[in-house]
Structure formats: structure tokens, C-alpha cells
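> Got a structure for you, written out below as C-alpha cells; questions coming shortly.
The values are calculated or read from the model by the stated rules, or taken from the named source; none is laboratory data. The structure displayed is predicted, hence computed values, not measured ones. Note: ideal-geometry Cβ built from the backbone for every residue, glycine included; neighbour counts use all protein chains shown. Accessible surface is based on the protein model in full, side chains and every heavy atom, while ligands, DNA and RNA are left aside. Shrake-Rupley method; radii C 1.70, N 1.55, O 1.52, S 1.80 Å.
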Amino acid sequence: MSELMDLQRYLTAGVENLMKNIVKVSLKNPAQGIFMSRFVKTVQEASRKRLLLEKGGEHVPAFLIASITSNCNLHCNGCYARAIHSCTDTGSVEQLSAQEWGRIFNEAEELGISFIILAGGEPMIRRDVIEMAGSNRKILFPIFTNGTLFDDTYILLLKKNRNLIPIFSIEGKERKTDARRGGGVYGKVLSAMEKLQKEKLLFASSVTVTKDNLEEVTSDSFVKRLEERGCRALFFVEFVPMEPELKILAPGEKEREYLDYHLAKIRNQYPNMIFLSFPGDEKAAGGCIAAGRGFFHINSHGGAEPCPFSPYFDVNVRESSLREALHSDLFMKLQASGTLTENHVGGCVLFENSDKVESLIHE
């Protein structure tokens, strides 16, 4: 109980600091700045909800990842979603409807969850769900998108709903992005950024960090280009190899030290941007924050999973509430077993212990 209370306070402090930074980078746009300033109060109210629940013995994280579709229009090299068959072109599972996602978003708000990351597949395929998300103004929805489906109608939707924040996935500059994502993708992403910059809409970028692109994506020239195009945040997500032959690309301790060093430099150099890394400093959080410690994942057909890299579930939100899913036997066993706090070689302790996670379901 005390460990989770300490974690709740640590994450709450992190969320409040994040919101201060978001407000700061939004000030150049009065409409966005006003919304974010008001949203700070909403986040504080949500934090109080979670702390009250914590005192009653119920731990609720501030973040949820929602994979709102299993479909995608790209075939990126090394895609984890396709490797674990959560993203397919044919034979898709029966995905949650927009109304079902709306219920989940409302239940998340009631629990004090402030941030729901919309993922996929390619989330912008599900405009119906994104519109549903936009109507819930007490939650911020970062949309992790490949940026190829952006059009003027989406610009209007974002202007109307300031709680929807697109996060464009790129791999570095044009050569590295197109090599992984397909020819012409980088150009489409830049076009989408230009449209958002013209309308003074808030957006960010996300990079999958590998040994191959580490130097490029932490370089001054790369970050400067993004800042000039209006990008206000950059997420560094460590590559998790889902296939043996791709392990050579996974960052090791040397690369993580390099990333940490250069993160400190660019944070000082670019005070008008936010820089976050995942999994980040697990030591400060007492281990991996998946499985409900700091976040959890709902897949496109309702399964409540520890995280997108650990596709196992014993509760489906179609048949249960989000609150029940959050306290599933699997999540409780993972938290109690010590698996989340184990030392590990790669960037994802749950992926490295996938057999153990799967076995917990059958205990």
C-alpha cells in the first residue's frame, strides 16, 4: 500500500510538471494556451480523485493507452503491432464501437485518468472514435499517428477540440523515415505539420530509437528542424525487437547513456519544447509502470493488457467496467510477483518475461 501511495505521489508530481510545460509551450497560441491553462485545474481535480481512491486502497494510474483500431495503411519495418498480430489487413477482430469507446472514456474520467493515448494500428482511420474522444474535454488525448491520413477536415476537428493532440511518428530525417515507413511518408508528415503550424495548432513528434538512428534523432539539426516547423514536444520511444533478427537494432546500456546525456543537452538548448523518453528512468518509479502501476492498455477489441508490448489479458471491457479491468487478476499478480521491478537487459521487462506473464493467466 505505502509503495503504491509513494508511486501515486511520484506520478502525480510528474503529471503536474508535465502540464506546466504543456502550458508554457502553448502560450504562443492564445486559444490553445487558454484551454491548457483551464485544463490544469481539471488535472488537479483528477489527481485528487486518484489520491482519495489510493487512501481507500485502490490504485488508479493517470494514463491509459487505447489502441482504437487494429488496422493500418502502412507496413513499417519491425512494427511490433504486426509482429504480435494486433495489427492486420485481413481477418480483423470485432473492434470496439465508438459508443463503447465513449463509455470507456467516461469511466476513465470518473476514475481520475487524465491522459488517454490513442494508438492503433493507425488511429486516424477511426475518425468516429476520435470525434468521441474530442467531446470529453476533461481528458487530454495524444494521437500517435503516422500522419499520412491528415486532411482539412481533421484540421477543423482539432481546432474545435483542443484536447486532441497529434503526435507524428518519424524515424529521423527523410531517408531513415522513408526507409522504415515507405517512400513519400516523410513528405506527407511534413505537409501535415505545415498545416498545423499555419493554424497554430499544438502537435508533437515521436521517434522509435534504435542503434541506427540514435545520433540523428538527438542531433541539433534534427531537433531544430522540428522546432522551426512548430513541433512543441518530442517523444523518444525505445525500440523493442519483436523478431530475433532485429535485436541488433535495440539500444543497450551504452545507447541509453548516450540518450540520457543528449536529452539533458537539448532540454537546456530548447526550453520551448518538451522532451520525454520511454521507458525512461524506471528506477525513479520503482520499476516498469505498466499493468496499472502508471498506465495500462486496452486493445482494439476490449482486452485489458499490461501494455501494448505484452498482449495478454483476462478481462475484456465489453463484459466489465474499466474499474474492474484495472484490477484484473493478471494486473494484481504482476504487481505482486515483482516481475515489474526485476532487472532486465532490454528496454521492456514484460516482453523479456512474456512466458511468465502468459503463465500468470492460467494460474
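> Just by accessible area at a 1.4 angstrom probe, what is the order of His85, His301 from largest to smallest?
Putting His85, His301 in descending order of accessible area: His85, His301.
> Can you send over the solvent-accessible area of Ile104, 1.4 Å probe, protein chains only, in Å² to the nearest 10?
Its accessible surface works out to 0 Å², give or take rounding.
> Provide the gained length on full extension for the span Glu16 to Glu257, in nm with one decimal, where the gain is 0.36 nm per separating residue minus the Cα-Cα distance.
Residue separation times 0.36 nm, minus the Cα-Cα distance, leaves 84.1 nm.
> Would you mind checking the pairs Lys224/Lys247; Lys20/Lys198; Lys195/Lys224; Lys49/Lys160 and listing those with alpha carbons more than 22 angstrom apart?
In this structure, Lys224/Lys247; Lys20/Lys198; Lys49/Lys160 exceed 22 Å between Cα atoms.
> In segment 22-66, if every C-alpha pair distance is counted and binned at 10 Å from zero, what percent goes to each bin?
26, 34, 29, 11, 1
> Counting DSSP beta bridges in the chain, what percent are antiparallel, to the nearest 5?
10 percent
> State log₁₀ I(q)/I(0) for segment 167-211 at q = 0.15, 0.26 Å⁻¹ as given by the Debye formula over alpha-carbon point scatterers of equal weight, solvent excluded.
With no solvent term, the Cα-only Debye profile gives -0.38, -0.92.
> Excluding Arg38 itself, calculate the net charge of residues whose Cβ lies under 12 Å from the Cβ of Arg38, where each Lys or Arg counts +1 and each Asp or Glu counts -1.
Local charge sum for Arg38: +3.
> Also, I was wondering about something else. Give the ranking of Lys160, Lys356, Lys176 by solvent-accessible surface, highest area first, calculated with a 1.4 Å probe.
Lys160, Lys356, Lys176
> Hey, could you pull the Cα Rg and Dmax for the chain, both in Å?
For the chain, the Cα-based Rg and Dmax read 19.2, 55 Å.
> Which percent, nearest 5, of DSSP beta bridges in segment 120-269 are antiparallel? Can you show the working numbers first?
Values: 0 of 14 bridges.
Within segment 120-269, antiparallel bridges account for around 0 percent of the total.
> As a test of understanding, state the convex hull volume per residue of segment 142-239 from its alpha carbons, in Å³.
So the per-residue hull volume is 84 Å³.
> Which ³J(HN,Hα) values, rounded to whole Hz and listed in residue order, are derived for segment 152-161 from phi using the Karplus coefficients 6.51, -1.76 and 1.60 in 6.51 cos²θ - 1.76 cosθ + 1.60 with θ = phi - 60°, glycine and proline given as x?
5, 5, 5, 4, 4, 5, 5, 5, 6, 10
> Mind giving me the nanometre distance, one decimal, between the label points for Arg9 and Asp178, set 7 Å out from Cα along Cα→Cβ?
5.3 nm
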